[in-house]
Amino acid sequence: MKKIIALSCLAAVMLAGCGKTDPSDNSGNDTETTTKAAEIVTTAEETTAAETTAESEAQTSSAPVTLPPATTTIGGNVSAGGIMDMYPAIYQGVVQEKFDEVAKQHEGLVSIDYAFRDLDADGIPELLLKYGTCEADYSIDIITLDKEGEPKVIDNIGGGHTSFAYDDNTGDLVLVWGHMGAASIDYYVWDNGSVKLRDHYEFQINDQNPSYEKVLDEKGIRFIDFGSAYQSDYTSGVKSYLCHPDGSAEDREGVFIYDLL
C-alpha cells in the first residue's frame, strides 16, 4: 500500500483622537460659574469634534478611489483576465472532488498524490493527479484549464510505483517508475493540447547501476514537490503531507494544494 506521508484585507483607517486638558480647579468660583464654565468647555469640545469630523469626511470624499480592474465573463464562467488568479481555487476543487469520488467508490478508502507542471508554458500549470487506493490500481490524469477556466483531462499516462519528476536538461515532464529492482524513465512533451511520450529509458538495479538515485542523477532527473492525501475509511480522518524531493515530508491539514503553487 502507498506510504502515508490559506482577499487580503487591508486595514488602513486611522482615527486621530484629540484630548483636551482639564481646566484648572478654581475653588473661589460658585456653583453657577462652575456650571457655565463646564457648559462652555463642553460646547467648545463638541464644536471642535464636529469640525474635525467634517474635515475628515471632506478629505475622505476628495481622496481618489482605486477600483479593481473590470472583467468580462466568458460563458458565465471565469473572466479571461481572472483565470490566472482563480486557477488555484479551481484546482483545489478538482483535487477534492477526485478524493471524494474515490472514497465513495471504496467505502472511504482513498489515496491520491498531486503536483503541478506548466507543460504548455502559458503561465498556468497543469495538474498531475494520481489517484486510487494503492499502487496496484493507481491512475494518473494530466488536467489543464481551457480558456473559460474549465478543467479537463487531456491524458492518462501512468499508474502505480511512479513518481513525478522533470528532466533538468530539457524541462520535460518525467514519470519515474520503479519496482523490485526494475525501473524506467518516461519523458513527456506538450503536443497540440495534449502530451506525448518523447522518450523511454529502462534500467535494472545491479552492479553497474547500484541505485535508482545514481542513474537518475546521471541523467539529470529531478523529483518535484507533491502533495499526498490518504484515508483508510470514513472514521480515520485524512492524513496529508507536503513531500519534498529529498524524501522529507511535512504534515498538512485536509486535502491541500496551495503550498505547491
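The values are calculated or read from the model by the stated rules, or taken from the named source; none is laboratory data. None of these values were measured; they are calculated from a predicted model. Cβ coordinates were reconstructed from backbone atoms using ideal geometry, including for glycine residues, and neighbour counts include every protein chain displayed.
Among the residues of segment 106-126, those identified as on the phi > 0 side of the Ramachandran plot and out of contact with any helix residue (DSSP H, G or I) (no Cβ under 7 Å at 6 or more places or on another chain) are Glu107, Gly108, Ala121.
Scan segment 88-103 for residues that are closer than 21 Å to Asp233 by Cβ and out of contact with any strand residue (DSSP E or B) (no Cβ under 9 Å at 6 or more places or on another chain) and the total you get is 2. Does Asp225 satisfy being modelled with pLDDT of 95 or more and either of a type in the set (Val, Ile, Thr) or under 24 Å from Thr133 (Cβ atoms) (or both)? Yes. Of all residues in segment 116-150, exactly one satisfies the criterion of being farther than 21 Å from Ala165 by Cβ and in a strand (DSSP E or B), namely Leu145.
From the list Lys147, Lys152, Lys104, exactly one residue is surrounded by fewer than 20 Cβ atoms within 10 Å (Cβ to Cβ) and modelled with pLDDT under 95. Which is it? Steps first, please.
Numbers: Lys152 fails: modelled with pLDDT under 95; Lys104 fails: modelled with pLDDT under 95.
Exactly one residue qualifies, and that residue is Lys147.
For segment 178-218, a residue qualifies if it is of a type outside the set (Gly, Ala, Ser), surrounded by fewer than 16 Cβ atoms within 10 Å (Cβ to Cβ), within 32 Å of the chain's Cα centre (by Cα) and not in a strand (DSSP E or B), and the qualifying residues are Asn192, Glu213, Asp217.
Which condition from (1) of a type in the set (Val, Ile, Thr); (2) within 24 Å of the chain's Cα centre (by Cα); (3) surrounded by 15 or more Cβ atoms within 10 Å (Cβ to Cβ) is the one that Ile157 breaks? Failed condition: (2).
On the basis of being over 23 Å from Val110 (Cα atoms) and surrounded by 13 or more Cβ atoms within 10 Å (Cβ to Cβ), does Thr162 make the cut? Spelling it out, it is not the case that Thr162 is over 23 Å from Val110 (Cα atoms) and surrounded by 13 or more Cβ atoms within 10 Å (Cβ to Cβ).
Going by what's in this entry, would Thr133 be described as more than 28 Å from Asp85 (Cα to Cα) and under 24 Å from the mean Cα position of the chain (by Cα)? Let's see the steps before the verdict.
Values: more than 28 Å from Asp85 (Cα to Cα): yes; under 24 Å from the mean Cα position of the chain (by Cα): no.
Considered against the rule, which asks whether it is more than 28 Å from Asp85 (Cα to Cα) and under 24 Å from the mean Cα position of the chain (by Cα), Thr133 comes out as no.
Is it true that Gly227 is part of a loop (DSSP other than H, G, I, E, B) and among the small types (Gly, Ala, Ser)? When the stated conditions are applied, Gly227 does not pass them. For segment 233-261, the tally of residues that are closer than 16 Å to Ser111 by Cα, of a type in the set (Ser, Thr, Tyr) and not in a loop (DSSP other than H, G, I, E, B) stands at 2.
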